[in-house]
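Some notes on the structure that comes next.
The values are calculated or read from the model by the stated rules, or taken from the named source; none is laboratory data. Because the structure is a prediction, the values reported are computed rather than measured. Please note: Cβ atoms are built from the backbone with ideal geometry, for glycine as well, and neighbour counts cover all protein chains shown. The accessibility values were calculated without ligands, DNA or RNA, using every heavy atom of the protein model including side chains. Shrake-Rupley method; radii C 1.70, N 1.55, O 1.52, S 1.80 Å.
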Amino acid sequence: MKKKGEMKKVKKVKDKVNDGQDDDPWWWLVQEGIRPSFLCISLFALLVRVAVGLHPYSGARTPPKFGDYEAQRHWMEITLNLPPKDWYRNSSVNDLSYWGLDYPPLTAYQSYVHGVFLKTFDPDSVALFTSRGYESYLGKLLMRWTVLSSDVLIFFPAVLYFVLVYRSMRFGMGQNSDVAWHIAMILLNPCLILIDHGHFQYNCISLGLTIAAIAAALSQKDLVASVLYCLALNHKQMSAYFAPAFFGYLLGKCLRKKNPLLEVTKLGLMVIGTFAVVWWPYLQSKDAALAVLSRLAPFERGIYEDYVANFWCTSSVLVKWKKLYSTQSLRIFSLAATLITCLPSMVQQILAPSSKGFLYALLNTSFSFYLFSFQVHEKSILLPLLPLTLLALEESRSILWLTHFAMFSMFPLLHRDKLVLAYMALYALFILVYFAPCGPSGRCHGSKTLDNTQKTKRSVDFITSITFHPLLMGFLGLCSLILHVIYLTMHPPNKYPFLFEAVIMLICFSQFVLFTFYFNSKQWMLSKHLTSKDKQKKLI
């Protein structure tokens, strides 16, 4: 009898493991848990990054200033050969007009560490003065490895941390394959791979620190979240796109605790302490600190550059902002517009902080900054895309559409970098992963996640019907396909040399605005779906 009972238990375990095996083709990948599936997907994602790294980069063989690749290499040269007090100061040995440092101190420290790495294997690549425009095979290989190592050491672990936290909260991960699909959506984000490993940047560091901060905040480690987010902010000032969401969520939680003043004080001390440590070399004098700050806010460039799909650049077709208003006035306009549009998300989290609402707030505030802040670049679309990939299981339909237009908005930039082949390959890979039969997108009509959010969608029916209208989606999809072909095969009229870029910008901007309304509506509707238990819950 005892043996029979044991046999039944074994059979139950086997049945449980094999349950869904027939309709879940990736069951073998995830049956052992999150970590093994994460390892497999990470190795594949790493190989994809290596393959993209074989393509050209920003400014390849285009003197006199080359491009972003040369900027990153030059920062390694400067930080390695000069003392910290001279990194942000114009001098005979540091010409700020030639790719002067314009990111916060943590980027400078990162450049120093990578500079030490390059000097160990190829000293000529970071030699002061003589290394400008250096493009040896070994130098390029080492530079590519610095980005790969940053991904492996910071971005990948942060994603694992987030997925483990997200899984424990069970926002909607029904089948195990949902986990693998979610990991793939984050690690195989084509926009991030193209910018970091093609164009050449280190967004994986600031975005990785941000993901880790989000995971810490969701797991109630608010002090750790504050430190990690401050580190992200001190790596790239664009991380400020997420500041209102972090502020609203953490303040909202503090106000619900027994001693709100004490909790706010602790968070404030962590923020001040982190900034003090990072900025310590520049706190010795007022001039040194101001020299860094002046480099972080390049107002002299104007309110926009190139053809980025935000409000100021798009509306300039009709309103010539730069001619009508001074830079000082435009700074005030952009600040006011950004604060006004991100205020609803921040207020909602102060009044009703929630884990899911926090993720939507990150998405909404980053879109506000992208659409209305001063000096937005095409690459800045990576910031709204980050929380969207974290919400992939909640927004499986949105991530397909927005990733498409995010890539489309960067197409002129990537075309200039000769990354069209990598662009097409990564887009195809993204589509294959998105429509994998084991992911939520492959069973969208029967997914539990989408059923749960359907109640919310009824409340924002009007915006949803516009955003996801089949005819509109089909028309815009066809337009973007035709524009890709036109951009690659035709020349614009001499009178309008940037006509194609302007049309791409207008189409992408229209979609970004629609989704901003859509996501803001969804965030505010979350308050109406709080359970009585959630409403009565008080944080300890």
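In the stretch 278-423, the portion of solvent-accessible area held by carbon and sulfur atoms comes to 66 percent [1.4 Å probe, whole percent, DNA, RNA and ligands not counted].
I want the local charge near residue 322. Using Cβ-Cβ distances under 14 Å, sum +1 for each Lys or Arg and -1 for each Asp or Glu among the other residues. Mind showing how you got there, number by number?
Details: positive: 301, 320, 323, 331; negative: 300, 305, 306.
Neighbourhood net charge equals +1.
Sorting 140, 221 by solvent-accessible area of protein heavy atoms yields 221, 140, largest first, with a 1.4 Å probe. Ordered from largest to smallest accessible area (heavy atoms of protein chains, 1.4 Å probe), the residues 73, 301 come out as 301, 73. Listed cross-link partners 140/418; 85/140; 65/418; 65/236; 65/119; 85/119 are compared with a 24 Å cut-off, the Cα-Cα value being larger for 85/140.
Under a model in which nothing but the beta-carbon of Lys, Arg (+1) and Asp, Glu (-1) is charged, the stretch 336-420 shows a dipole of about 120 debye around its Cα centre. Counting protein heavy atoms only, the stretch 87-203 has 64 percent of its accessible area on carbon and sulfur, 1.4 angstrom probe.
Ordered by packing density, taken as the mean number of other Cβ atoms within 10 Å over each peptide's residues, highest first, how do 60-67, 142-149, 180-187 rank? Numbers along the way, then the final one.
Working: 60-67: 13.4, 142-149: 18.6, 180-187: 25.2.
With the highest mean Cβ count within 10 Å placed first, the list reads 180-187, 142-149, 60-67.
Quick one: net charge around residue 408, please, counting Lys, Arg +1 and Asp, Glu -1 for every other residue with C-beta under 13 Å from its C-beta. Please list the in-between numbers first.
Details: positive: none; negative: 378, 501.
Net of charged neighbours comes to -2.
In whole Hz and in residue order, list the ³J(HN,Hα) couplings for the stretch 57-69 that follow from phi through the Karplus curve 6.51 cos²θ - 1.76 cosθ + 1.60, θ = phi - 60°; x for Gly and Pro. Taking θ as phi minus 60°, the curve returns 9, 4, x, 4, 6, 10, x, x, 9, 6, x, 4, 4 Hz for the stretch 57-69. Taking amide H as placed 1.01 Å from N in the peptide plane, the amide H of residue 304 sits under 5 Å from that of 375, each at least 5 places away or on another chain. Give a quick list of GluC sites (Glu not before Pro) in the stretch 241-305 that DSSP marks as loop, anything other than H, G, I, E or B, with at most 10 other Cβ atoms within 10 Å. Within the stretch 241-305, no GluC sites (Glu not before Pro) qualify (loop, at most 10 other Cβ atoms within 10 Å).
Hey, with R₀ at 25 Å, roughly what FRET efficiency would residue 432 and residue 43 work out to, going by the Cβ-Cβ distance, to 0.05?
Numbers: r = 17 Å, r/R0 = 0.69.
E(calc), rounded to 0.05, equals 0.90.
Other residues with beta-carbon under 13 Å from the beta-carbon of residue 350 carry, at +1 per Lys or Arg and -1 per Asp or Glu, a net charge of +2. Of the residues 507, 193, ranked by 1.4 Å probe accessible area with the largest first, the sequence reads 507, 193. Using θ = phi - 60° in the Karplus curve 6.51 cos²θ - 1.76 cosθ + 1.60, the 3J(HN,Hα) couplings for the stretch 396-405 round to 5, 6, 5, 5, 5, 5, 6, 5, 4, 6 Hz; x is entered for Gly and Pro. Counting 0.36 nm for each residue step from residue 290 to residue 257 and taking away their Cα separation leaves a gain of 8.1 nm.
Taking every protein chain into account, the accessible area of the stretch 194-350 amounts to 43 square angstrom per residue (probe 1.4 Å).
Take each of the peptides 482-489, 368-375, average the number of other beta-carbon atoms within 10 Å over its residues, and list them starting from the highest. Could the numbers behind the result be given before it?
On the way: 482-489: 13.1, 368-375: 23.0.
Top of the packing list down: 368-375, 482-489.
Accessible surface calculations at 1.4 Å, restricted to protein heavy atoms, place the stretch 359-437 at 23 Å² per residue.
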